[in-house]
Amino acid sequence: MEGGKPSLALVYQAVQALYHDPDPAGKERASVWLGELQRSMYAWEISDQLLQLKQDVESCYFAAQTMKMKIQTSFYELPPETHNALRDSLLTHIQNLKDLSPIIVTQLALAIADLALQMASWKGCVHTLIEKYNNDISSMPFLIEILTVLPEEVHSRSLRIGANRRTEIIEDLAFYSSTVVTLLTTCVEKTGNDEKMLIKVFRCLGSWFNLGVLDSNFMASNQLLMVLFQVLQRDETSTNLHEAASDCVCSALYAIENVDTNMALALQLFQGVLTLETAYHMAVAREDLDKVLNYCRIFTELCETFLETTVRTPGQGMGDLRTLELLLICAGHPQYEVVEISFNFWYRLGEHLYKINNAALHNIFRPYIQRLLHCLARHCQLDPDHEGIPEDTDDFGEFRMRVSDLVKDVIFLVGSMECFSQLYSTLKEGNPPWEVTEAVLFIMAAIAKSVDPENNPTLSEVLQQVVLLPETVHMAVRYTSIELVGEMSEVVDRNPRFLDPVLNYLMKGLREKPLASAAAKAIHNICSVCRDHMAQHFQGLLDIARSLDSFALSTEAAVGLLKGTALVLARLPLEKIAECLSDLCAVQVMALKKLLAEDSTNGKSADPTVWLDRLAVIFRHTNPIVENGQTHPCQKVIQEIWPVLSETLNTHQADNRIVERCCRCLRFAVRCVGKGSASLLQPLVTQMVSVYQVYPHSCFLYLGSILVDEYGMEEGCRQGLLDMLQEELHRTNHILDPDERVQFILKVALQEVSSSI
């Protein structure tokens, strides 16, 4: 720090400015200056002095935080002979400042913990601290705070301690863990129902559970477990205490994941959690969502911990299926956030049962999954007063997506066809409100692809009924029905008689702004699966592609439509492909030409990435089957388009993002026609090398490797490719320091060409 050690008065003035200066610029100057102070050697002494002065909360907090930061990041600055003095000083400070502010106590506790972890000469730090303070009830809060953060800091990335030292620390903490638990038990006995102290005790116990060093047999018979469950059973327990107790139980359950080696503690926790069902119902009755969420977390952690036991011995001992009942009770709560907590468990259960593949076991768990699916369908219902289409970007939309994923993962236990039929029957036999219809269609869409489409009258009937939905139904129902149709493309492929009514239905959606993107995605799916049947509708697809921007499509949906069109194009007779590809590319090429003309007129460069991306997706997915000796039908079209791509690349050569899109488009064009693009090789390589000399974009290196892959074995192309790679390597050597990864790519490509010569 320039100017030597600053005075305490100056430091105090800067701290005051940081917290109280009304001028933001003054705050910023103070922050920068104090940051420099914290990085200097003077910070040790000044922090110590500020803590001794104890002038106010702000200066003490700054000093405590600085001390913690210095110990975490700059402990090496202190000679070993000062370590004991620093430890004693910190312990004095935390005792003197224990009543000033909890945040200061926490910062000093972290400083002491980080010091203990790095100070190898401080042997048995836990024992030292407990022996020093356990008889003083007023010191108990900060002692427990130190003992809470100590295990948490063991795996801190801020501390520069090696693996051997970490192992030594963990062994030391394990040795004294029972002493800590005994201290916490005594503390609870002395302070009775002091809520703040109970919260501290539970946080501390959870911290030691998380480190995984507590003796499970010792804990199984410990009074603290009983206190934990008593707190959770009491209706009058405060929110903060309830959360601390819940966190602690979850940590304990996580710590005994290997149930077989922690049997005694596992049994105590298992029995304890099962007693909480009544308390859960009371929380629901009182509409206390915080407590409901806590109970659901505990029930879920219980199921996660005993998952293997439940699958191995369902209904027996700690494989008791009441654990699943608890989760299904939670799934019945009206708030979807509650059931969402349990999703990971249901995923894991499905995964276990799928791997085991035992029909008898599947039969045991099937009723639970059926009830879960029923609850999920209800949770997916939109509000009756919802207007428009379902949102997929808000919290509820993301929840529905997670439901869709979960249903796909567990549906095998119920049977896709059985579930699909049951869902359809609820719509067919009743007259449910629109929000129920929409939710059922949503779940049906999630499982449609897993239903065998072969000779399936139910699927055919569903498809037939969906495309007959009137335009007067709720917009959300139409939206989800369109998604369902898209997921049933396999059914359309097996039943081509449905193709015309399905396309007519989707075209109606495509013309309406709220439904357009969903309809485009569904058409893309139909094109992908029903390519041969869709060949007769190619002209219609081409008409859509020509007027793509007249529809209210997202970028992704527009590109998807072009992808579907290209997939169908590849199935046309070879003699028709060139003309149709030219027509499909024409809109994009004309748009690029227009942009280039505008650029030359007004001197401003418009962004061509939309059109480049569209051309790229067309080239990427137009893959007709070409026999040996036949001219590739796309060759002529790509040769015609090349001048426009070349000029676009030249115009935007300084813009890395646009050059990347150009290279991507060219890459797929080259891959599309393979060796049929040989006539482009020389002008393309020449332009790449020319631009790379001025603007060394890394995408040229990748495009170069594609060219080597396609033409490296061609006699007439090798020398040109070698020259290109040599030029790129030469330029790369000048601009990098060097970047070993890029060098490696170039040299490998160079070797590939050389080895084929």
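The values are calculated or read from the model by the stated rules, or taken from the named source; none is laboratory data. Remember, predicted model here, so these are calculated numbers, not experimental data. All Cβ positions, even for glycine, are placed from backbone atoms using ideal geometry, and neighbour counts span all protein chains on display. Just so you know, the surface numbers come from the protein's heavy atoms only, side chains and all, with ligands and any DNA or RNA stripped out. Shrake-Rupley method; radii C 1.70, N 1.55, O 1.52, S 1.80 Å.
When Gly674, Gly704 are screened for being modelled with pLDDT of 65 or more and crowded, with 18+ Cβ neighbours inside 10 Å, only Gly704 passes.
Looking at the structure I just gave you, is Leu225 farther than 30 Å from Ile103 by Cβ and in contact with a Gly (Cβ under 9 Å, 6 or more places away or on another chain)? Considered against the rule, which asks whether it is farther than 30 Å from Ile103 by Cβ and in contact with a Gly (Cβ under 9 Å, 6 or more places away or on another chain), Leu225 comes out as yes.
Tell me, yes or no, whether region 400-410 has at least one residue that is modelled with pLDDT of 90 or more, in a helix (DSSP H, G or I), buried (at least 16 other Cβ atoms within 10 Å of the Cβ) and of a type in the set (Lys, Arg). Yes, region 400-410 contains a residue that is modelled with pLDDT of 90 or more, in a helix (DSSP H, G or I), buried (at least 16 other Cβ atoms within 10 Å of the Cβ) and of a type in the set (Lys, Arg). Can you confirm whether region 379-394 contains a residue that is part of a helix (DSSP H, G or I), farther than 20 Å from Asn495 by Cα and open to solvent by less than 70 Å² (accessible area, probe 1.4 Å)? Checking region 379-394: at least one residue is part of a helix (DSSP H, G or I), farther than 20 Å from Asn495 by Cα and open to solvent by less than 70 Å² (accessible area, probe 1.4 Å). Might you let me know whether region 183-196 holds any residue that is within 36 Å of the chain's Cα centre (by Cα) and part of a helix (DSSP H, G or I)? For region 183-196, residues within 36 Å of the chain's Cα centre (by Cα) and part of a helix (DSSP H, G or I): present. Entry remark, region 488-527: residues being within 20 Å of Ser450 (Cα to Cα), modelled with pLDDT of 95 or more and open to solvent by 10 Å² or more (accessible area, probe 1.4 Å) number 3 in total.
Residues in region 200-226 that are hydrophobic (A, V, I, L, M, F, W, C) and either crowded, with 21+ Cβ neighbours inside 10 Å or in contact (Cβ under 8 Å) with a residue 60 or more places away in the chain (or both): Val201, Phe202, Cys204, Leu205, Trp208, Phe209, Leu211, Val213, Leu214, Met219.
Exactly one residue out of Thr648, Thr555 is under 30 Å from Ala519 (Cα atoms), in contact with a helix residue (DSSP H, G or I) (Cβ under 9 Å, 6 or more places away or on another chain) and of a type in the set (S, T, N, Q), and it is Thr555.
Only one entry of Glu36, Glu45 meets the criterion of being exposed (fewer than 15 other Cβ atoms within 10 Å of the Cβ), closer than 24 Å to Ile71 by Cβ, within 38 Å of the chain's Cα centre (by Cα) and touching a residue at least 24 places away in the same chain (Cβ under 8 Å), and that entry is Glu36. Checking each residue of region 416-430 against the condition of being in contact with a Phe, Trp or Tyr (Cβ under 8 Å, 6 or more places away or on another chain) and not β-branched (Val, Ile, Thr) gives no match.
The residue list Ala279, Ala331, Ala264 contains one member that is of a type in the set (A, V, I, L, M, F, W, C), touching a helix residue (DSSP H, G or I) at 6+ places or on another chain (Cβ under 7 Å), in contact (Cβ under 8 Å) with a residue 40 or more places away in the chain and farther than 26 Å from His379 by Cβ, which is Ala264. Quick check: anything in region 413-432 modelled with pLDDT under 95, open to solvent by 70 Å² or more (accessible area, probe 1.4 Å), not in a helix (DSSP H, G or I) and not β-branched (Val, Ile, Thr)? Within region 413-432 (the criterion being modelled with pLDDT under 95, open to solvent by 70 Å² or more (accessible area, probe 1.4 Å), not in a helix (DSSP H, G or I) and not β-branched (Val, Ile, Thr)), the answer is yes, since at least one residue qualifies.
In region 349-358, is there at least one residue being modelled with pLDDT of 95 or more, open to solvent by 20 Å² or more (accessible area, probe 1.4 Å) and either under 30 Å from His474 (Cβ atoms) or of a type in the set (Val, Ile, Thr) (or both)? No.
For region 341-376, a tally of residues being assigned to a loop (DSSP other than H, G, I, E, B) and touching a helix residue (DSSP H, G or I) at 6+ places or on another chain (Cβ under 6 Å) returns 2.
All of (1) within 21 Å of Leu8 (Cβ to Cβ); (2) over 40 Å from the mean Cα position of the chain (by Cα) hold for Lys68 with one exception: (2).
When region 616-660 is filtered for residues that are at pLDDT 90 or above, closer than 17 Å to Val568 by Cβ, of a type in the set (A, V, I, L, M) and under 40 Å from the mean Cα position of the chain (by Cα), the ones remaining, listed by number, are Val617, Ile618. Please go through region 470-486 and give me each residue that is surrounded by fewer than 19 Cβ atoms within 10 Å (Cβ to Cβ) and of a type in the set (D, E, K, R), ordered by number. Correct list: Glu471 only.
Scanning region 7-28 for any residue that is on the phi < 0 side of the Ramachandran plot, in contact with a Gly (Cβ under 8 Å, 6 or more places away or on another chain), open to solvent by less than 70 Å² (accessible area, probe 1.4 Å) and in a helix (DSSP H, G or I) turns up at least one such residue.
Against the definition (in a helix (DSSP H, G or I) and open to solvent by 30 Å² or more (accessible area, probe 1.4 Å)), how does Gln639 come out, yes or no? Spelling it out, Gln639 is indeed in a helix (DSSP H, G or I) and open to solvent by 30 Å² or more (accessible area, probe 1.4 Å).
A search for C-beta distances below 7 Å between a residue of region 144-158 that is touching a residue at least 12 places away in the same chain (Cβ under 8 Å) and any residue that is outside any helix (DSSP H, G or I) and open to solvent by less than 20 Å² (accessible area, probe 1.4 Å), counting only pairs 6+ apart in sequence or on different chains, returns Glu153/Leu159.
For region 100-111, how many residues are open to solvent by 20 Å² or more (accessible area, probe 1.4 Å), outside any loop (DSSP other than H, G, I, E, B) and among the aliphatic types (A, V, I, L, M)? Residues flagged as open to solvent by 20 Å² or more (accessible area, probe 1.4 Å), outside any loop (DSSP other than H, G, I, E, B) and among the aliphatic types (A, V, I, L, M) within region 100-111 amount to 2. Annotation note: of Ala174, Ala120, Ala163, the sole residue that is in contact (Cβ under 8 Å) with a residue 12 or more places away in the chain, over 25 Å from Phe202 (Cβ atoms), among the hydrophobic types (A, V, I, L, M, F, W, C) and open to solvent by 10 Å² or more (accessible area, probe 1.4 Å) is Ala120.
Annotation: of all residues in region 227-268 being part of a loop (DSSP other than H, G, I, E, B) and of a type in the set (S, T, N, Q), the one that is most open to solvent (accessible area, probe 1.4 Å) is Asn258. Each residue in region 443-460 was checked for being part of a helix (DSSP H, G or I) and either open to solvent by less than 10 Å² (accessible area, probe 1.4 Å) or in contact with a helix residue (DSSP H, G or I) (Cβ under 8 Å, 6 or more places away or on another chain) (or both), and 11 of them qualify. In region 90-99, is there at least one residue being free of Cβ contacts under 8 Å to residues at least 40 places away in the same chain and exposed (fewer than 15 other Cβ atoms within 10 Å of the Cβ)? Yes: one or more hits. On the basis of being charged (D, E, K, R) and over 30 Å from Lys132 (Cα atoms), does Arg87 make the cut? The answer is no for Arg87. The residues of region 118-156 that are part of a helix (DSSP H, G or I), touching an Asp or Glu at 6+ places or on another chain (Cβ under 8 Å) and either of a type in the set (Val, Ile, Thr) or farther than 21 Å from Leu51 by Cβ (or both) amount to a single one, Val126.
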